[in-house]
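Worksheet: one structure, shown below.
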Amino acid sequence: MLKQEVELCMNEVMRECMALKIPISTDIDPNIIINKRARSRFAACKKKGSSPYIIEVGEALLGSDRMVVKNILAHEILHTCYGCYNHGKRWKLYADKMNRAYGYHITTTTTYEALGLEAPERKRTIHYVIVCQKCGHEFYRQKKSKLVTETNHYRCKCGGRLKCYICE
Ligand SMILES: [Zn+2]
Ligand SMILES: [Zn+2]
């Protein structure tokens with residue numbers, strides 16, 4: 001997937017949010033940042049001062065299915081809603097709405113939070129996100145469990161293949 005296609009995906013997700021009257025920020029930079037550190041496949045939603053929200057995705061994510069990319073973008077875009085810069089009640093409510101309306105599998109964890117929203121100068125911790133390539137469901141692991149080291153030996157509940165993404 002090219003950067004432009006990721007931006008197209010973001011546009012679609014934003015329109016889906018608006019159709020559900022989810023109050024996403026009107027100040028999101030349409031230019032997505034592709035992070036080229038090869039092994040990281042994370043996404044982040046960043047905001048500095050009065051500049052627009054910036055969505056950043058790991059370059060390796062570009063190899064994923066459209067649905068997986070959209071799922072991850074939706075997770076980040078919901079962080080731009082008022083009072084949603086964490087995975088609190090309001091964020092969860094919107095995530096539920098998206099999941100129900102469009103079949104997303106947007107999930108919340110504090111570890112995932114650490115990926116994008118932690119200041120870069122802080123010490124990074126590595127986490128693992130295992131994403132179903134069929135339904136987009138995300139599993140989180142903080143340690144190198146078997147699901148991380150032998151991802152290919154496992155399947156999602158839906159039968160889909162799993163891919164492990166390293167996040168920091
Ligand atoms: Zn998050
Ligand atoms: Zn699945």
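Read-outs throughout are calculated quantities, based only on the coordinates presented, and are distinct from any laboratory measurement. Because the structure is a prediction, the values reported are computed rather than measured. Cβ placement follows ideal geometry from the backbone for every residue including glycine, while neighbour counts extend to all protein chains displayed.
Residues THR149, THR107 in ascending order of nearby Cβ atoms (within 10 Å, fewest first): THR149, THR107.
For the chain, averaging the sequence separation of C-alpha pairs within contact (under 8 Å, six or more residues apart) and dividing by the residue count gives a relative contact order of 20 percent. Can you give the angle from 0 to 90° between the axis of helix 66-78 and the longest principal axis of the chain, with both taken from C-alpha atoms, to the nearest 10? Its long axis makes an angle of about 50 degrees. Exposure proxy ranking for PHE139, PHE42, based on other Cβ atoms within 10 angstrom of each Cβ and starting from the fewest, stands as PHE139, PHE42.
Over 24 Å between Cα atoms, which of LYS47/LYS92; LYS97/LYS157; LYS3/LYS70; LYS3/LYS143; LYS97/LYS134; LYS70/LYS157 qualify? Violating the 24 Å Cα-Cα cut-off are LYS3/LYS143.
Karplus-based coupling profile of region 13-18, in residue order and whole Hz: 4, 5, 5, 5, 4, 5, with θ = phi - 60° in 6.51 cos²θ - 1.76 cosθ + 1.60 and x standing for Gly or Pro.
Think of the chain as having a plus end and a minus end, set by charges on the Cβ of Lys, Arg, Asp and Glu; of ILE34, ALA95, PHE139, PHE139 sits farthest toward the positive end of this dipole. Taking the number of Cβ atoms within 10 Å of each Cβ as an exposure proxy, the fewest-first ranking of TYR165, TYR53 is TYR53, TYR165. Between amide H atoms placed 1.01 Å from N, distances below 5 Å from HIS127 occur with CYS167, GLU168, all of them 5 or more places distant or on a separate chain.
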